[in-house]
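Heads up: the structure comes next, in structure tokens.
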Amino acid sequence: MSQTTPLAKPAAPRTVIEVGQPRGFLAAEVIEKSGTDLNRCYQCHACANGCPFIRAMDYPPNLVLRLLQFGMREEVLRCKTIWICVGCHTCSSQCPMGIDMAAVMDTLRLMAVEEGVAIAKPNILDFHEEVLRSLERYGRAHKLGIMWRYKVKTRRWLSDLDVGLKMLAKRKLDLRPSRVQAQEEIGDLFKCYWRESK
Amino acid sequence: MSLHHQIDFSYFPGCSMATTAAEANMSLMQSAKILGLNLIELSDWNCCGSSSAQTMCKNLSLGMAARNLSLAPAGRPLVAMCPRCLHYLRHAKVCLKKDPETHRSLEERWGRPINLDLKIMHFMEVLVRFGLDRLKQSAKRSLTGLKFVPYYGCAVFRPPDLEKEKYYQGEMEDILVALGAEPIIGAYTHRCCGSFLSATDPEIVTPLVNEIIDSAVAAKAHCLVTACAMCQLNLEIRCTSRERLPVFHFSEVLALALGAKDYEEWFVRHLVDPRPLLQNLALVA
Ligand code: SF4
Ligand code: SF4
């Protein structure tokens, strides 16, 4: 479902709302994990109006909060919006209620990965994982390596070839990674749930 | 500039400045040297964590940023140019202030203190404190005639928990106006460049980038100037508009005004060659 502007076309009512968990349960969990009180939201849509990526999202950010309040766990954790969000904080700084939407999105992505639900934008998850692999190996991001492995994983060989070649020609992609000396300190940081779940 | 003006800073380059945007780093170092600001690269720094660590694991994200704080020697402010790095470094400081237990455990883990009074500042703030008049006096070329869009991207937006931190809105204009350039209003200056979506989903980013560049063209700007290396790259590689404009790193324009000579090395790395524009304005030979 794609929406042009959230004001022009409110989301069509979605079949039956089956509230699996008592209302407020899911919202309370996300409030606790994200440290932002999303129940202050009064659906003014400022976040949605400011978000540059709204056209690529399946739910506008304000609706994500609504779904949380309705306890619609699957709907939220499986939506594209949480992966499309780049954390630019445009919404967070415009929200009249001081809700940190980007923190909510961060929290929901983590929950989606932890709970192993179907990821709506698997290529974005793949990309983040490749970046982290690079950080784990070198302590710094080695862009050529990241893009190469990302391409291998997603098999999008030809998409963007021209851009990649231009960047190589302009020597914007270093062949060799630069690395941190104290590798053990970096390795140590990766002993967290993300690594152990792989 | 005489030595007693020399001021020491720890400098955090970050992954983009160190590689993809080497031209931004070179011009930044040149500018600092000319002004007598001693930027000492943070020894053995690591990636600030970036949005990928933030997405996948909060502890990892905090740990990566915090390790950099633990490497910063006491007594000098930590300076970053990349707004995202700055954001994650500051965020780590705020988090550790709120969470003394994690603070202690990270200090023990690395056997180094993490100074939570460490001043973390953006290079533009360093310049403003240096003094715009002094900056003007150090200039060798006037930027007169250069019409630029100050493109901040999302860099000035902050999560509510950083709201007490310094806001950089307007600093780019202040600095470049002091050097003779003319800011253009009416273009998109704070629209996000697309960040990692430029790598994963370029078809989402291209129309947005085109809107940004088209708005600058419509406002009759000569170029865009950005404080963020990722913005610079995304605006260059994702634009498919017929009319395109050069996109400068802030430090390139600064170094040019301060009389740096090795600009050829930076400009050949641009996808939209800025030299015709600068030659027209007689800013470069
Ligand atoms: S801007 Fe804030 S209050 Fe308004 S809809 Fe968005 S989250 Fe709710
Ligand atoms: S932080 Fe996410 S939801 Fe908010 S404006 Fe940016 S991309 Fe949109």
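The values are calculated or read from the model by the stated rules, or taken from the named source; none is laboratory data. Just so you know, these numbers come straight off a predicted model, no measurement behind them. Backbone-built Cβ (ideal geometry, glycine too); neighbour counts: all protein chains shown. SASA here: full protein model, heavy atoms, side chains in, ligands and nucleic acids out. Shrake-Rupley method; radii C 1.70, N 1.55, O 1.52, S 1.80 Å.
For the range B:140-280, the square roots of the Cα gyration tensor eigenvalues, ordered a ≥ b ≥ c, give a/c of at least 1.5 with a/b no greater than b/c, which places it in the oblate category.
The distance from the alpha carbon centre of the range B:74-93 to that of the range B:199-265 is 24 Å, rounded to a whole number. Chains A and B together bury roughly 4900 Å² of accessible area, counting both sides, with a 1.4 Å probe on protein heavy atoms only. Which pairs, out of A:Lys166/B:Lys164; B:Lys58/B:Lys119; A:Lys121/B:Lys164; A:Lys166/B:Lys140, put more than 30 Å between their alpha-carbon atoms? In this structure, A:Lys166/B:Lys164; A:Lys121/B:Lys164; A:Lys166/B:Lys140 exceed 30 Å between Cα atoms.
Sorting B:248-259, B:216-227 by their mean Cβ neighbour count within 10 Å, with the most densely packed peptide first, gives B:248-259, B:216-227.
Counting only alpha carbon atoms, the long axis of helix B:22-35 and the longest principal axis of chain B meet at about 90°. Of all aspartates and glutamates in the structure, those lying under 12 Å Cα to Cα from B:Lys147, and not within fewer than 8 positions of it along the same chain, are B:Glu173, B:Glu182. Modelled spin-label separation between B:Ala282 and A:Arg179, with each label point placed 7 Å from Cα along the Cα-to-Cβ direction: 5.3 nm.
What is the projected area of the convex hull of the Cα atoms of the protein assembly as shown, averaged over all directions, in nm²? Walk me through the intermediate numbers first.
Details: hull surface 90.9 nm².
For the Cα atoms of the protein assembly as shown, the hull's average projected area reads 22.7 nm².
GNM on chain B, alpha-carbon springs under 10 angstrom: the most fluctuating residue among B:Ile213, B:Ile175, B:Ile185 is B:Ile185.
When shorter helices are ignored and each DSSP H run of at least 4 residues is given -39500 (n - 2.57), the per-residue value for the protein assembly as shown at 222 nm works out to -14000 deg cm²/dmol. Note that chain B, at 25 °C in a medium of 0.890 mPa s, gets a Stokes-Einstein diffusion coefficient of 126 µm²/s from its Kirkwood radius over C-alpha pairs. For the range B:1-104, a crude dipole built from +1 on the beta carbon of Lys and Arg and -1 on the beta carbon of Asp and Glu, taken about the Cα centre, is about 360 debye to the nearest 20.
Find the percent of Cα-Cα distances in the range A:47-136 that exceed 18 Å, and round it to a whole number. Result for the distance tail: 42 percent.
So what are the range B:7-122's ellipsoid semi-axes, whole angstrom, largest first, if each one is the square root of 5 times an eigenvalue of the alpha-carbon gyration tensor?
Working: eigenvalues 119, 55, 22 Å².
Equivalent ellipsoid semi-axes, largest first: 24, 17, 10 Å.
In summary, the aspartates and glutamates within cross-link reach of B:Lys261, defined as a Cα separation below 20 angstrom excluding same-chain residues under 8 places away, comprise B:Glu23, B:Glu252, B:Asp273. Each of B:Ala257, B:Ala227, B:His190 was placed along the dipole of the range B:140-280 (beta-carbon charges, centred on the mean Cα), and the one lying farthest toward the positive end is B:Ala257.
Could you do me a favour and compute the accessible area per residue for the range B:140-280, 1.4 Å probe, result in Å²? With the other protein chains kept in place, the range B:140-280 gives 35 Å² per residue.
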